[in-house]
């Protein structure tokens with residue numbers, strides 16, 4: 001079988017095992033690998049020390065016999081509104097409430113300005129005393145990719161099926177499989193495999209699928225026919241740079257992780273710099289804003305393969321329909337946490353925004369969840385509920401820290417009792433963020 005025929009066969013096998021995109025990259029993507037190395041050297045990687053692994057500079061340091069890289073993409077987008085849509089929807093509802101003489105509160109998933117003031121200031125008043133007793137709870141945002149099960153296991157299982165197909169076609173071949181866990185710059189190879197170009201928001205974007213997809217790679221000793229790199233189609237658009245609340249996209253194609261909401265809420269283990277907390281809005285795990293505003297995620301897109309489909313997605317703000325590549329895979333649908341998930345006889349300490357006695361913590365979805373039940377999770381429940389979720393990476397300490405920031409940005413003084421208790425916690429990071437949030441809310445009087 002010729003290199004071209006073998007490459008075509010492998011890409012077809014990739015689609016058959018459930019991937020939505022497949023391509024072949026050469027080993028020689030040295031310019032992109034050099035860019036990644038320089039990016040780390042400039043300090044943009046923050047505390048992510050694993051990015052300094054020298055094996056990332058050359059895949060042959062991982063697999064000496066490597067000749068080609070098989071790259072795949074798996075769409076995880078579900079047909080639910082974007083964080084920017086939910087935020088704008090809440091603002092519109094709030095304006096209507098103000099006009100009718102009622103207070104309002106919006107989710108605030110990202111501040112409208114790019115960079116928050118260095119000096120702490122009171123959050124905009126997003127509710128009134130009357131509304132505080134209306135029972136509506138401010139909501140949080142969890143990044144779209146983390147709504148369902150841990151993608152590492154899902155993509156890895158499909159990659160193992162593809163590896164088996166490769167070994168069946170070429171007995172004796174050597175391979176290595178990676179899903180965002182090893183010393184491989186997956187996006188560099190994926191760009192050269194034709195499955196997408198690197199956008200100005202640094203995400204891989206596919207012309208037909210958008211950017212809501214996971215990447216997996218297989219290093220192989222096979223000499224395959226590489227695909228051509230996907231052309232850059234960002235053009236003059238700078239929506240992602242303009243939308244980032246913390247100014248993390250310091251220039252097109254360059255993201256400073258030490259200013260990124262996703263980095264703050266997931267990777268950073270210590271204190272979040274105070275000057276960026278306001279810009280975090282209600283994001284408690286990750287951030288989708290730079291992808292939400294991308295035109296390639298908001299135009300008619302194609303149907304994805306396998307169990308995925310082209311789903312009609314209704315804008316929560318404009319009520320204009322659009323078709324975006326989405327999936328029906330149950331593993332990627334938002335987790336539904338029911339009251340039964342909590343241990344019987346071991347309910348979390350009561351936490352409610354209502355002064356009236358409340359039943360045990362109610363169920364909730366990870367799509368745009370209320371802050372109240374998230375704050376009711378004990379450490380044991382956090383570990384158990386998110387044992388197979390990407391959210392576990394934040395750790396319970398980071399989770400509580402992030403909740404403090406979201407509460408401080410909510411403008412809802414009903415969180416003050418919870419925050420004041422958090423101020424007495426042993427962990428200094430939790431105490432610091434709880435004190436910051438409580439101080440902001442007290443300025444809302």
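Derivation of every value follows stated rules applied to the coordinates shown; laboratory data play no part. Nothing here was measured: the structure is a model prediction, and the numbers come from that model. Here Cβ is always computed from backbone atoms with ideal geometry, including for glycine, and neighbour counts include all displayed protein chains.
Details
- Length released on extending from residue 15 to residue 47, taking residue separation times 0.36 nm less the Cα-Cα span: 7.9 nm
- Calculated FRET efficiency for the pair residue 331/residue 168, C-beta based, R₀ 22 Å, to 0.05: 0.25
- Of interest is the spacing of the C-alpha centroids, which for the stretch 189-223 and the stretch 263-290 amounts to 26 Å.
- Förster radius 56 Å - calculated FRET efficiency between residue 57 and residue 379 (Cβ-Cβ, nearest 0.05): 0.90
- Cα-Cα separations in the stretch 395-438 greater than 11 Å, expressed as whole percent: 56
- Span from the the stretch 150-174 Cα centroid across to the the stretch 235-255 one, whole angstrom: 36
- Computed packing ranks the peptides 36-42, 143-149 as 143-149, 36-42, most packed first, by mean other Cβ atoms within 10 Å.
- Using 0.36 nm per residue and subtracting the Cα-Cα separation, the extra length available between residue 3 and residue 65 on full extension is 20.6 nm.
- Extension gain (nm, one decimal) between residue 34 and residue 136, 0.36 nm per residue minus Cα-Cα: 31.7 nm
- Debye intensity ratio I(q)/I(0), log10, the stretch 157-206, q values 0.30 Å⁻¹ (C-alpha model): -1.08
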